[in-house]
Amino acid sequence: MKPLLIGGEWVRTSHGVDDINPSDTTDIIDSFAQAGVAETQTAIAAAADAAPGWGLSNPQDRHDILRRVGDEIMARADELGHLLSREEGKILSEGVAEAVRAARIFHFFAGEALRLSGELLPSTRPGVTVELTREPVGVVGVIAPWNFPLAIPAWKIAPALCYGNTVVFKPAELVPGCAHALAEILHRSGVPAGVFNLLIGKGSVVGQAIIDDPRIDAITFTGSQATGERVARASLPHMRRIQMEMGGKNPLVVLDDCDLDRAIACALDGAFFSTGQRCTASSRLIVTEGIHDRFISGLADAMARLKVGHALHDGTDIGPVVDATQLEQDLRYIEIARREGGHLRHGGEVLRSDTPGFFLSPALITGTTADMTINREEVFGPVASVIRVRDYDQALAVANDTPFGLVAGICTSSLKHASHFKRMAQAGMVMVNLPTAGVDPHVPFGGRKASSHGPREQGSWAREFFTQGKTAYIHP
Ligand code: NAD
């Protein structure tokens, strides 16, 4: 049984849970010790004890540690990517690419540790200067989802440590293997005892104990909207800062004047790669009428060529859905879409394979309208719906007609429409002639409306959340 990491010690508990490969449910990756409330409180105490020392540590030391973490992840990207794909179900090339991305994030924040600067301003009072500096926030609770089990923890843990905060990390239940591998690397790279703690366990137990604890100064959360609301409610009485990235219902607008092959490639990647299990997935395809039929038939043909299967097997394009519950949810939404008048143009079938896993052929639902359930709620699977629109103006209105606002994409050759869309899309990120999913590791990431709350993640903007400002007035 793989242990927890609390206060610099590897800790075993009486209860372990198996980590199961969604491509082959007979393949048990390992068993992982489960934390309860007591272990959670001990880890929070350790992080609180370590916070003052780490907060005043030499930035060169923080740089060196984060650099070593990035170096080890990069050197082991193939092996870690394999573990990720075995555990989460995205195909091997995507798993390895995610490991590389996690390494780059640690490298980026290693550099940021040495770049933290302040400002010196003249005061309005004679002889006085004003100094603006940033200090760590304290103990950060990191609560992560299962769909990017290395990259999302990396883009939360690396900036937290970079700016001098200590961390209590709670990964999603389905991906303890990647979390444990990351904890081993951090431990080996010289993170002092208590500065980074790993708690594997249930959201309703460990997650809840983290969000209820007044010693947690900040929470960075990525997950569903329902859990995000809990995090926000539990945090308010403590007046703690929160950063939350939640669901999406991302539009990809396809206009008559687009490059059709490119638009099909964008939709195929954005909607279905990584089994559609990306918060940035293009789940609503909004297509103007002049190109609608050609786009649908081209996309359906391309979908038919995708091979669904074991994530680690050569030639697989789409791995399994992550577990039985998610598969049920995907099928339920497909059924609701049909009942409400959508037409299942392609896929949406549970597939048999050589191994017992959760295989679903990517589903394309046409003839839908903006008010249907399939266009209002996040499915989080390989399911995309098509909304036919008259023109650009209607496309933009439909794109914005959603409670979510993570990312919005447009395929067009019109500079006028691309520029207008870039400004008017109610989303934190906009893609022009690119898939809605797929972002750089060194620039801010985040959304608007119900998709996000709080300052941006990643890039140099991450410092807004992971530091707190101080204004000092000095009279010599
Ligand atoms: P989830 O909300 O079920 O779980 C997220 C995390 O919260 C897990 O670690 C879980 O254990 C924990 N949790 C559950 N109950 C808790 C509680 N009571 N208190 C504290 N923590 C608790 O989400 P998921 O199923 O793991 O991930 C899928 C969701 O994540 C989707 O909605 C997806 O859109 C979203 N997501 C968003 C982004 C983004 O950046 N916007 C990125 C990836 C995933």
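List of remarks:
- Scanning segment 400-451 for residues being surrounded by fewer than 19 Cβ atoms within 10 Å (Cβ to Cβ), part of a strand (DSSP E or B) and within 14 Å of the ligand (Cβ to nearest atom) gives a total of 2.
- Listing of strands (runs of 3 or more DSSP E) fully contained in segment 207-265 that carry 3 or more residues being of a type outside the set (G, A, S) and in contact with a His (Cβ under 8 Å, 6 or more places away or on another chain): 241-245
- Listed conditions (1) buried (at least 23 other Cβ atoms within 10 Å of the Cβ); (2) more than 23 Å from R388 (Cα to Cα) are all met by N250, apart from (2).
- Test set (1) open to solvent by less than 50 Å² (accessible area, probe 1.4 Å); (2) more than 16 Å from the ligand (Cβ to nearest atom) - G381 fails condition number: (2)
- The set of residues in segment 185-218 being farther than 21 Å from P149 by Cα and either among the acidic types (D, E) or in contact with an Asp or Glu (Cβ under 8 Å, 6 or more places away or on another chain) (or both) consists of G190, A193, G194, D212, D213, D217.
- Total residues in segment 203-236, condition within 9 Å of the ligand (Cβ to nearest atom) and either touching a residue at least 12 places away in the same chain (Cβ under 8 Å) or surrounded by 16 or more Cβ atoms within 10 Å (Cβ to Cβ) (or both): 20
- Test: residue in segment 25-38 that is assigned to a helix (DSSP H, G or I), of a type outside the set (G, A, S) and either farther than 30 Å from F358 by Cα or open to solvent by less than 20 Å² (accessible area, probe 1.4 Å) (or both): yes
- Filtering segment 253-294 to residues that are away from the ligand (no atom under 16 Å from the Cβ) and either buried (at least 23 other Cβ atoms within 10 Å of the Cβ) or outside the structural domain of E349 (by TED's automatic domain parsing) (or both) leaves V253, V254, L255, C258, A263, I264, C266, A267, L285, I286, V287.
- Every test in (1) open to solvent by 10 Å² or more (accessible area, probe 1.4 Å); (2) away from the ligand (no atom under 14 Å from the Cβ) is passed by I185 save one, and that test is (1).
- When residues in segment 299-345 are screened for being within 28 Å of the chain's Cα centre (by Cα) and closer than 19 Å to V379 by Cα, 22 of them pass.
- Residues in segment 179-193 that are farther than 20 Å from E39 by Cα and either within 21 Å of the chain's Cα centre (by Cα) or assigned to a helix (DSSP H, G or I) (or both): 2 in all.
- Matching option when the condition is more than 16 Å from the ligand (Cβ to nearest atom) and under 25 Å from G247 (Cα atoms), among R134, R115, R101, R86: R86
The values are calculated or read from the model by the stated rules, or taken from the named source; none is laboratory data. These numbers were taken from a predicted model, which means no experiment stands behind them. Cβ: placed from backbone, ideal geometry, glycine included. Neighbour counts: every protein chain shown. Protein only, heavy atoms only, side chains kept; ligands, DNA and RNA dropped before computing areas. Shrake-Rupley method; radii C 1.70, N 1.55, O 1.52, S 1.80 Å.
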